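One structure is given here, and the rest of the page talks about it.
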Amino acid sequence: MEHIDSHINDRPIKPALLRGWKRTCPNCGTGPVLRGYLKVRDKCVVCSEDLHHHRTDDGPAYITILICSHIIGPLMLIAFEMFRPDPLIMSLVFALLTVAMALFLLPRIKGAFVALQWAKRMHGFGHPDST
């Protein structure tokens with residue numbers, strides 16, 4: 001009986017993650033999950049899904065740093081070996097590229113973290129009062 005109940009209560013992870021990446025509500029996919037740049041809304045403005053249960057903390061920042069460093073590091077090596085640019089120019093270009101990439105990725109990864117927690121019913125998202 002427990003197995004059947006847990007199967008009924010499953011929420012599909014992939015659509016939720018895609019909705020989170022798009023910074024929309026993991027439940028309806030329409031309402032914005034973030035208010036401003038990184039502040040998660042308490043409720044979805046479209047479907048009224050409670051979103052205040054999230055516990056993202058430093059996870060999105062850590063993953064953003066991990067992704068940026070794994071992309072920028074090899075690019076710096078390739079650029080240096082192929083073009084031998086002036087160190088100041090190279091530093092400025094890659095610093096700007098890193099900041100731009102981090103600013104792009106951070107809210108999307110945070111939305112995906114919230115969506116994953118919602119799909120897995122973590123931290124209160126599985127409470128009977130929430131859908």
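The values are calculated or read from the model by the stated rules, or taken from the named source; none is laboratory data. None of the values given here were measured: they were computed from a predicted structure. All Cβ positions, even for glycine, are placed from backbone atoms using ideal geometry, and neighbour counts span all protein chains on display.
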Only unsatisfied item for Lys39, checking (1) at pLDDT 95 or above; (2) surrounded by 13 or more Cβ atoms within 10 Å (Cβ to Cβ); (3) within 22 Å of Pro60 (Cβ to Cβ), is (2)
Filtering the range 87-118 down to residues that are small (Gly, Ala, Ser) and out of contact with any Pro (no Cβ under 7 Å at 6 or more places or on another chain) yields Ser91, Ala95, Ala100, Ala102, Gly111, Ala112
Matching residues in the range 28-43 (under 15 Å from the mean Cα position of the chain (by Cα) and not in a strand (DSSP E or B)) number 6
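Consider Thr56 carefully, then state whether it is in contact with a Lys or Arg (Cβ under 6 Å, 6 or more places away or on another chain) and of a type in the set (Ser, Thr, Tyr). Step through it out loud before you land on a result.
Numbers: in contact with a Lys or Arg (Cβ under 6 Å, 6 or more places away or on another chain): yes; of a type in the set (Ser, Thr, Tyr): yes.
Judged against the criteria, Thr56 is a match.
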Taking the criterion of being assigned to a loop (DSSP other than H, G, I, E, B), without any contact (Cβ under 8 Å) to a residue 60 or more places away in the chain and either out of contact with any strand residue (DSSP E or B) (no Cβ under 7 Å at 6 or more places or on another chain) or surrounded by fewer than 15 Cβ atoms within 10 Å (Cβ to Cβ) (or both), would at least one residue in the range 107-123 satisfy it? no
